[in-house]
Each structure stands twice: as structure tokens, then as C-alpha cells.
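In what follows, a single structure is set out as C-alpha cells and then discussed.
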Amino acid sequence: MAPLPARRKLPIGIQSFRKIREGGFYYVDKTPFIAALAEGANYYFLSRPRRFGKSLFLDTLAAAFAGERALFTAHDGSDCTAPRPALYLADHWDWEQRYPVVRISFGQGIRRFPEELDEAIAWQLETNAARLNVPISQAHGIAERFADLITAAAEAYRQRTVVLVDEYDKPILDHITRPDLAAAMRERLRNFYSVLKERDADLHFVFLTGVSKTRSPPLADRLPHHCRCPLGWRAHRVRAHAAQHRSAHRAQPSANPRAPSFPSG
């Protein structure tokens, strides 16, 4: 294997796990958390401030559940991508199992009206359906199409569907100074997220991120009951882990960390 570069580039602003791994950027291995999550519950909700790394973590989750093993294993750079060390998940994941992954993100742009929100969701559902090569009905509303996509993906792949939602509450928070518009956005999203309850039998894993307080997320009554609880790890543990590695002047391969345990509550 080719030697790793003495100093790696910092992935400032990069939210693509593939780009970081193949581009030789410095990456703090948080995949032990993914292993622990997969062995725990099926529904998680993570509320943290922006710029916390939630989008990159979701992208890493997507790669793991989709079975993209090459991104997690050690690589010598022979295919013109950067050489990279193995991550914890390389040897602590069932790579024979591949799940259909549906990804929804509200991080891009501001939806000025509820109708624009519906259009944005419809476009994302169609994009997911095309990527997964599954059909979804165009005759129903947004919630019905979301339900169709979850079930169609599960049937096509013969595996329950994984749903990852980034910034689930942003359409509401974008209009926090306009209560009437925020309420309209909230109603649209409540209807959309209610599908996660109704399609539980077809869901393997659900992970949502946002910035609202976890004790009272604005759409809690439409999320599965056990999705309302905050994620088991504590924010300061993850921040300290990242800060420890950022402070290093030279990136050196290190032994894979042990998988963390998650406190209850």
C-alpha cells in the first residue's frame, strides 16, 4: 500500500463522505457510532446546531447501509484515488446486506410558500425513485408518494427501507418570524412525516436531523414515539473527539477505536 501523505487536507465545507475518502482529506472516524446505532433502536432523531457535521454523518450512514464497502476499507491508491486507512466499520459491518436508502434534505434554499415545499419534496421523491429504479405513483399527494416509495423500495430490494432526513425542521424555522407561514409549513410537514408511523413495517432504520430542541421537536406528534428521544451519545463527546484530531499537525493512521456504548435516555 502506498504511504499515506504526511499532512492531509482539511475537508472544510465538504459534506460528501465519498469525496473525503477518495480525495485524501482528513477524516475523523465516527463509524463506531454507526455500528452502535445499527445494533440499537431503529429510529433516531439528532438535534444539534448547524455546522455540527450532521450532513456528513448522514452521508456516511447512507454509504454504510447501501453497502459501499470500498469507502470504508484501506486502499492503496491504485485506481487514482487517494490512499486511505481502514475505518472501524470496515470489519464491524455486515456488508452482505444492502438496503434501499431514501434521502430527503431541506438544507438547500428557502421555500417561500407551502406549494414550493410540496414541489421540492416531490422532486426529491422522484430523484430517489430514479436512483433506486423503483416506480412511485404520480396520482397521489406527497405523503402517499412517500409511502409508495418506501414500500416499493422494500419490495424491489427485498430489504426494509432506510430513510435519512436532513434538517427536517428547516422549512418551519425559515419562517419563524411569520407565524402564519410557519404554521402552514408545519402542517405540510406533519402530513409528510406521518408516513414514518404508517410504514413502520417497511422501514429498517430512520435517522432525522434538525436544530430544534429534542425534548419538544415541532413535529413530534407525527414521528414514531421512540424517535422523539434524543440520540444516546452526548454532543460534547463528539465535539471533543473531533477537536482532538483537528489539533494534530500531522494525520497518522491510528488503531480502530472501540465501538462506543450509548447511555439510555
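What's the total number of residues in the stretch 156-188 that are of a type in the set (S, T, Y), without any contact (Cβ under 8 Å) to a residue 60 or more places away in the chain and either touching an Asp or Glu at 6+ places or on another chain (Cβ under 7 Å) or not in a helix (DSSP H, G or I) (or both)?
Looking only at that region, the number is 1.
So, in the stretch 14-44, exactly how many residues are within 16 Å of the chain's Cα centre (by Cα) and among the hydroxyl-bearing types (S, T, Y)?
Count: 4.
Which condition does I34 not pass, out of (1) β-branched (V, I, T); (2) in a helix (DSSP H, G or I); (3) touching a strand residue (DSSP E or B) at 6+ places or on another chain (Cβ under 7 Å), if it passes all the others?
Failed condition: (3).
Against the definition (surrounded by 20 or more Cβ atoms within 10 Å (Cβ to Cβ), of a type in the set (K, R) and in contact (Cβ under 8 Å) with a residue 12 or more places away in the chain), how does R98 come out, yes or no? Before you say what the answer is, go through the steps one by one.
Details: surrounded by 20 or more Cβ atoms within 10 Å (Cβ to Cβ): no; of a type in the set (K, R): yes; in contact (Cβ under 8 Å) with a residue 12 or more places away in the chain: yes.
Against the criterion (surrounded by 20 or more Cβ atoms within 10 Å (Cβ to Cβ), of a type in the set (K, R) and in contact (Cβ under 8 Å) with a residue 12 or more places away in the chain), R98 does not qualify.
Go through the stretch 74-102 and count every residue that is of a type outside the set (A, V, I, L, M, F, W, C) and out of contact with any helix residue (DSSP H, G or I) (no Cβ under 6 Å at 6 or more places or on another chain).
Counting residues in the stretch 74-102 that are of a type outside the set (A, V, I, L, M, F, W, C) and out of contact with any helix residue (DSSP H, G or I) (no Cβ under 6 Å at 6 or more places or on another chain) gives 12.
Yes/no per residue for (1) closer than 22 Å to L132 by Cα; (2) modelled with pLDDT of 90 or more; (3) in contact with a Cys (Cβ under 9 Å, 6 or more places away or on another chain):
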residue	(1), (2), (3)
R8	no, no, no
Y27	no, no, no
A41	no, no, yes
S47	no, no, no
A62	yes, yes, no
F65	yes, yes, no
E68	yes, yes, no
A74	no, yes, no
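Go through (1) under 18 Å from the mean Cα position of the chain (by Cα); (2) at negative phi one by one and return the number of the condition L181 breaks.
Exception for L181: condition (1).
Yes or no: the stretch 195-202 includes at least one residue that is closer than 22 Å to L46 by Cα, within 16 Å of the chain's Cα centre (by Cα), in a helix (DSSP H, G or I) and at pLDDT 90 or above.
Looking through the stretch 195-202, at least one residue is closer than 22 Å to L46 by Cα, within 16 Å of the chain's Cα centre (by Cα), in a helix (DSSP H, G or I) and at pLDDT 90 or above.
Across the stretch 97-134, what is the total count of residues that are assigned to a loop (DSSP other than H, G, I, E, B) and either among the charged types (D, E, K, R) or within 28 Å of A183 (Cβ to Cβ) (or both)?
Residues that pass the stated criteria total 9.
In the stretch 135-155, is there at least one residue being surrounded by fewer than 19 Cβ atoms within 10 Å (Cβ to Cβ), touching a Pro at 6+ places or on another chain (Cβ under 8 Å) and either β-branched (V, I, T) or in a helix (DSSP H, G or I) (or both)?
No: the stretch 135-155 contains no residue that is surrounded by fewer than 19 Cβ atoms within 10 Å (Cβ to Cβ), touching a Pro at 6+ places or on another chain (Cβ under 8 Å) and either β-branched (V, I, T) or in a helix (DSSP H, G or I) (or both).
The values are calculated or read from the model by the stated rules, or taken from the named source; none is laboratory data. Predicted, not measured: the structure shown is a model, and the values here were computed from it. Positions of Cβ are backbone-derived with ideal geometry, glycine not excepted, and every protein chain shown enters the neighbour counts.
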